[in-house]
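Colleague: Here's a structure for you.
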Amino acid sequence: MLLLASGNSHKVAEFRRLLAGTGLEIASAARCGGMPAVEETGTTFAANARIKAEALGARAPESAWVLADDSGLQVDFLRGAPGVFSARYAGAGAGDRDNLEKLLWALREVPENQRAARFRCVLCLIRPGAEPDYFEGACEGRIALRAAGGSGFGYDPVFIPEGFDQSFAELGEAVKAELSHRAKAAAAFRRWLDARPPAPGNRPG
């Protein structure tokens, strides 16, 4: 069983789609009492992903694997900000609109050719008797001059992926699903699984 360290049912459904065909039984944190409350004190996505994975791992069945993710937006001009603070960039309790407005204000005088950015995701896998494994994915792009589009969430209305002229919020979920940082991190995890021989212990019990 692969337990996802998240209480978000939409994220569980997304990972079931991304990992379809791997033979893994993918279960939500609800299978072992729910996702514990955690304080994301890490300074990197990898550190925060590990905090979440270990928190759920402490209450997971002994033979289970636990997978956690942490992700966010990195803007080059802002030296990688908002980064691990992406969800709370405008302060504790801030909503998507607050975060967007703060980001656009911070970049208000920055020309288009200096607005490079990326969405980054790091997965942390905890297995019995092994050190944590990490899998990373990124989607390169740039920050638009203004928000546009009604699809998606978070920073989607201002993020224009490389090779496109529209924001994720304009392109829609189907395009985003193909390009997303989380999809690429999941693909790295799949490649790691495929490289492992089908021996006892190489799959969660």
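Any read-out appearing in this document is the output of simple, stated calculations on the displayed coordinates, not a laboratory observation. None of the values given here were measured: they were computed from a predicted structure. We place every Cβ from the backbone using ideal geometry, glycine too, and count neighbours over all the protein chains shown.
Colleague: Taking the stated definitions as given, is residue 162 surrounded by fewer than 14 Cβ atoms within 10 Å (Cβ to Cβ), more than 16 Å from residue 83 (Cα to Cα) and touching a strand residue (DSSP E or B) at 6+ places or on another chain (Cβ under 8 Å)?
Modeller: So residue 162 passes the test.
Per-residue answers, yes or no, for (1) under 27 Å from residue 174 (Cβ atoms); (2) small (Gly, Ala, Ser):
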| residue | (1), (2) |
| --- | --- |
| 27 | yes, yes |
| 32 | no, no |
| 39 | no, no |
| 69 | yes, no |
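Colleague: Out of all the residues in the stretch 148-161, which are within 14 Å of residue 117 (Cα to Cα) and assigned to a loop (DSSP other than H, G, I, E, B)?
Modeller: Of everything in the stretch 148-161, just one residue is within 14 Å of residue 117 (Cα to Cα) and assigned to a loop (DSSP other than H, G, I, E, B), namely 155.
Colleague: Pairs please, first residue from the stretch 85-113 and in contact (Cβ under 8 Å) with a residue 12 or more places away in the chain and over 27 Å from residue 46 (Cβ atoms), second anywhere and buried (at least 16 other Cβ atoms within 10 Å of the Cβ) and among the β-branched types (Val, Ile, Thr), Cβ atoms under 8 Å, 6+ apart in sequence or on different chains.
Modeller: What qualifies is 104/143; 104/158.
Colleague: Run down 123, 145, 193 and say which single residue is of a type outside the set (S, T, N, Q), outside any strand (DSSP E or B) and closer than 24 Å to residue 88 by Cα.
Modeller: 145
Colleague: Among residues belonging to the stretch 103-130 that are under 21 Å from the mean Cα position of the chain (by Cα) and among the charged types (D, E, K, R), point out the one that is nearest to residue 196 (Cα to Cα).
Modeller: So the residue we want is 127.
Colleague: Does residue 138 qualify as being touching a Cys at 6+ places or on another chain (Cβ under 9 Å), of a type in the set (A, V, I, L, M), within 30 Å of residue 193 (Cβ to Cβ) and surrounded by fewer than 18 Cβ atoms within 10 Å (Cβ to Cβ)?
Modeller: Here the answer is yes, as residue 138 does meet what is asked.
Colleague: Continuing with this model, one more query. Please determine, by comparing only the residues of the stretch 30-80 that are of a type in the set (A, V, I, L, M) and closer than 30 Å to residue 108 by Cβ, which one is surrounded by the most Cβ atoms within 10 Å (Cβ to Cβ).
Modeller: 73
Colleague: Taking residue 182, is it assigned to a helix (DSSP H, G or I) and more than 14 Å from the chain's Cα centre (by Cα)?
Modeller: no
Colleague: Also, quick follow-up: In the stretch 54-98, what residues are of a type in the set (Asp, Glu) and either assigned to a helix (DSSP H, G or I) or farther than 13 Å from residue 35 by Cβ (or both)?
Modeller: Scanning the stretch 54-98 gives 54, 62, 70, 76, 96, 98.
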